[in-house]
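Have a look at the structure below, then the notes.
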Amino acid sequence: PTSLLPNLAFLVSAPSALPHSIGSLILMTEPLPLSYVTAQEMRCLLHWLSRWTPAQRECFLRDLVDKAVPWKLFPLLENLSGLRVEFGKPPSIYECQMRLWNQWFRSWSEAERNEFVRQMEEEMPDLAGRFYQEVAATTQQN
């Protein structure tokens, strides 16, 4: 097949700058001009990622993979089973950060989502590499 990856419109772009390829995935090599707000959201998220525990980063990575492969059913069921309401207990800082991440991601354009992944590659290449491996593994399961 021409691609091991599903339709990852938010990850794949064809910029006018010279792209480089990882498999069949084309990545931007130059930063995308972003609005001030979006740039700050990305900067904030990358900062949080650098401070999170390995378990928290794993949770984020699963969430990012789930967003990259939205047609996958198992993560949806896993997320539903993980929902629990604890009355009287405020959310943790990490839970609040994950809620913001979800809000921000939904508001970003495909190009902005691409840019976040590009920035993650620069700041946290190991995590970005694992992300690509997880997405590729997910597509091979279907």
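Assorted remarks:
- The length gained by stretching the chain between residue 43 and residue 56 to full extension, at 0.36 nm per residue less their Cα-Cα distance, is 2.9 nm.
- Other residues with beta-carbon under 15 Å from the beta-carbon of residue 123 carry, at +1 per Lys or Arg and -1 per Asp or Glu, a net charge of 0.
None of the figures in this text is laboratory data; all of them are computed from the coordinates on show. For clarity, every value in this text was computed on a predicted model and none was experimentally measured. FYI the Cβ positions are ideal-geometry reconstructions off the backbone, even for glycines, and counts take in every protein chain you see.
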